[in-house]
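Right, one structure below, let's go through it.
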Amino acid sequence: MTKLFYRFAIFLLVLSMVQDAFVNGVVQLADDQHNPLYALVPFLFVQLVTHTLGSLLLLLYYREKDFRLSYAAGWLCVMVTSAETGIIWELMMGENVENWYFVFYGAVHIANLLLGISLIISESRERKWLKWAGILLITIEALAIIMLIWYWAFADLRMDVLDRLGIWLLGPFIAINGLFVMNLIDELRGAGYWRCASATSRVAVVSIGLILLVLTAFLGLSLYISSTTSATTTVVSNQTAD
């Protein structure tokens, strides 16, 4: 694999981490009834594209290095996450699919747990950053699954519970992605030279990267302005009602 491949993968993972942190922070500015969907949906689409591209490059990396278990678990994560994304879209459109969301939310955590296990029992454990990513992933996902089971069996499993859980897991997941980035940086140091990549590949990678970066900045600014406006309107409305 060339340096271009690793640089692009690192860029996508870092951009995905920034997008995750940003959208989770900004959405908290508006309550559930006043989330600006017209601004949120485009940003989430760009976030999905970035995350999917990064995941596909990681899958190519696993296949190239012959990490078979991680490759299979990675594909499972991609498929389950894609299904969950479809359910989230239906929820945002007002469809009554909360029960399905609970199912796929749990399935995503189970798939991530399997990925973590694969990272420490297969050949990938020889990469120290991947091994630590696997250990952290197993720890976090096991705790998340235990919490979901507890809420389902002994408490009231509601959407706001999943929202809080998502906020709590944001930091650990960013740390896990950071470990993947560190592994790719190590691989980058021993990869082939830039000239190994064709001119067409370089142009395509730079173009895709710039488009994602510009869209993230533009749509992120639009989402921030819309969220702050919505939050301000909500506060004023509540004060007027009082």
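What is the Cα radius of gyration of region 3-233 over 2.2 N^0.38 Å, N being its residue count?
That works out to 1.07 for region 3-233.
For a label point 7 angstrom out from the Cα of I121 toward its Cβ, which stretches of region 69-105 have the backbone nitrogen within less than 15 Å?
69-74
Between A217 and I167, what length in nm is gained on full extension when 0.36 nm per residue of separation is reduced by their alpha carbon distance? Don't skip to the answer; put the middle values down first.
Numbers: separation 50, 0.36 × 50 = 18.00 nm, distance 2.22 nm.
Contour length minus the Cα-Cα distance gives 15.8 nm.
Points 7 angstrom from Cα along the Cβ direction at E64 and I174: gap in nanometres?
Rounded to a tenth, the inter-label distance reads 2.8 nm.
Dipole magnitude of region 3-233 about its Cα centre, charges +1 at Lys/Arg Cβ and -1 at Asp/Glu Cβ only, in debye to the nearest 20?
Result for region 3-233 is approximately 1180 debye, rounded to the nearest 20.
May I ask you to order 220-228, 67-75 by the average number of other C-beta atoms within 10 Å around their residues, highest value first?
67-75, 220-228
Give me the number: length gained by fully extending V14 to V41, i.e. 0.36 nm times residue separation minus the C-alpha to C-alpha distance, one decimal in nm. Please list the in-between numbers first.
Details: separation 27, 0.36 × 27 = 9.72 nm, distance 2.09 nm.
Result: 7.6 nm gained on full extension.
Coordinate-derived values only; no laboratory data. Worth saying up front: this structure is predicted, and the values here are computed from it rather than measured. As a convention, Cβ positions derive from the backbone with ideal geometry for all residues, glycine included, and neighbour counts pool all protein chains shown.
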